[in-house]
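K.L.:
So that we are looking at the same thing, I have put the structure below in structure tokens.
The values are calculated or read from the model by the stated rules, or taken from the named source; none is laboratory data. Since we're looking at a predicted model, the values are computed, not measured. Note that each Cβ is placed from the backbone with ideal geometry, even for glycine, and that neighbours are counted across all protein chains shown. The area values use the complete protein model at the heavy-atom level, side chains included, leaving out ligands, DNA and RNA. Shrake-Rupley method; radii C 1.70, N 1.55, O 1.52, S 1.80 Å.
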Amino acid sequence: MVVSEIRRCIDNGTEFRGDLLNFRKDGSPLMNKLHLTPIYGDDETITHYMGIQFFTNANVDLGPSPGSMTKEPVRSTRFTPDNFFRPISTGPGQSNFCREYSSIFQLTDEVLCQSILSRLSPRDIASVSSVCRRLYLLTRNEDLWRMVCQNAWGSETTRALETVPAAKRLGWGRLARELTTLEAVAWRKLTVGGAVEPSRCNFSACAVGNRVVLFGGEGVNMQPMNDTFVLDLNASNPEWRHVNVSSAPPGRWGHTLSCLNGSLLVVFGGCGRQGLLNDVFTLDLDAKQPTWREIPGVAPPVPRSWHSSCTLDGTKLVVSGGCADSGVLLSDTYLLDVTMDRPVWREVPASWTPPSRLGHSMSVYGGRKILMFGGLAKSGPLRLRSSDVFTMDLSEEEPCWRCLTGSGMPGAGNPAGAGPPPRLDHVAVSLPGGRVLIFGGSVAGLHSASQLYLLDPTEEKPTWRILNVPGRPPRFAWGHSTCVVGGTKAIVLGGQTGEEWMLTEIHELSLASSTVYTTRMN
């Protein structure tokens, strides 16, 4: 009842005063007199709550444990910090407390870990560990932390993390803390060997395990490229390597490159020698003889470039927006399951769609939810850079777009915190737990600052946060391609220096304490 009243007061923006029954580590009860007062900003909106607590001893008899049928006086029990789960009798005349509260500790360690603790979030586990010695010891277990991470972040992310040397070195508990708090995030510049030749821009890249794959791009005199390069970050001296593949797709730029189910690459759309494309090609990078294979999808979307794409369930490609013939901007969303014998494109019906756009980003969170950010969007007769955020839950029977942030849109909210300026051709990095990092892009009037913005769409009231990250970020923050490698670092490729496109110098945004590389770092 008290918690419900606190929630009601916060929802209504009113003051709360009340008493809460709490317990010390030794099990003895105490009373917490809580006073919550809203704090208003200059615009008369609530920005914070101030809480004041007064603790007093509580003379409370919690009664016998449930199910007790004895007529005899019940002996009181208490619990020591070292053995919270084992009752210890107290002498006559002492108050009886905490028996009902402690019934959970009669469960075995196995049941506690697999059925209860594993379902908590990493933050909750960190809090639970301070309750008593037994829970502290249980939360030191690496197998428990792995289950917590898998339940919180999904099996695909957990499998990716298992391939990263840093995960084994740090352990699941430390890794969960660093990826949750982002306390270890830092920029690093790496100089790698090899070369991507001929020189190009407007390529696309993605991660396959700890390898970065680059395909296509725009060469000299708008020449569309169709070659494939790989950078293995697990190598002692990483260098770009040209991959000899069979049946390469037609050259293109302004396309998307995605990874499905481990090592299967998927290319869609772009602009080629004959104009815009809407074809799909796949490549198994781990095959003995890598060969591009065209997927003849039924009822494909219109040809396009500068669209955005992401993947779902390790089998489905999601394509959104872009630019069609004659410069027409698009607002549609399509799905294609490339593992089917006869794949069929399916347009996601929606009663309302975000304004048509290109150069935006698409991210996946919560399993089957997608998040769209930014781009060059149609606004009446104009085309303006956008900073709006839209989400869609594809697990719903009738998926629909929702405006998470923005102005003048159905369901739009105005979250606290300074949001990123409107932009396109930016970098969007999906983090474990559903959070999204936004970096760089083309901002009106000047190159954008290398500021990182963080948004958690799973929060009740999503709030933009600015991350102050040490290290050396990319000097120029537009025209990049990026991918997340192993779930612990984002690799930022390319970027226009004003004269040429650089691919021998790449920037790494490390999300966890980084493994020491033998390559040259600055």
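K.L.:
Any idea what Rg and Dmax come out to for segment 190-423 if you just take the C-alpha atoms, in Å?
P.N.:
18.2, 53
K.L.:
Shape of segment 278-384 from its Cα gyration tensor (a ≥ b ≥ c, root eigenvalues): rounded if a/c is under 1.5, otherwise prolate when a/b > b/c, or oblate?
P.N.:
Prolate, since a/c reaches 1.5 and a/b exceeds b/c.
K.L.:
Would you kindly calculate the mean projected area, averaged across all directions, of the convex hull enclosing the Cα atoms of segment 212-291, in square nanometres?
P.N.:
About 5.8 nm², averaged over all directions.
K.L.:
Dimensions of segment 1-57 along principal axes (Cα, Å, largest first)?
P.N.:
46, 20, 15
K.L.:
Pairs Lys316/Lys489; Lys378/Lys461; Lys168/Lys189; Lys33/Lys369: which exceed 29 Å Cα-Cα?
P.N.:
Result: Lys33/Lys369 exceed 29 Å.
K.L.:
Could you report segment 111-181's accessible area per residue, 1.4 Å probe, as an integer in Å²?
P.N.:
I get 51 Å² per residue for this part.
K.L.:
Report ³J(HN,Hα) in whole Hz for each residue of segment 146-155, in order, from the Karplus equation J = 6.51 cos²θ - 1.76 cosθ + 1.60 where θ = phi - 60°; Gly and Pro get x.
P.N.:
Listing the rounded values in order: 5, 5, 4, 5, 5, 5, 7, 10, x, 5 Hz.
K.L.:
Next question, about the same structure. Highest first, please rank the peptides 331-344, 301-314 by the mean number of other Cβ atoms sitting within 10 Å of their residues.
P.N.:
Top of the packing list down: 301-314, 331-344.
K.L.:
Per-residue counts of other Cβ atoms within 10 Å, averaged by peptide: what ranking do you get for 119-131, 176-188, highest first?
P.N.:
Descending mean neighbour count gives 176-188, 119-131.
K.L.:
When every alpha-carbon pair in segment 111-181 is counted, what percent end up more than 16 Å apart?
P.N.:
42
K.L.:
³J(HN,Hα) across segment 343-358 via Karplus (A = 6.51, B = -1.76, C = 1.60, θ = phi - 60°), whole Hz, x for Gly/Pro?
P.N.:
Coupling constants for segment 343-358: x, 10, 5, 10, 7, 7, x, 8, 5, 9, 10, x, x, 4, 6, 9 Hz.
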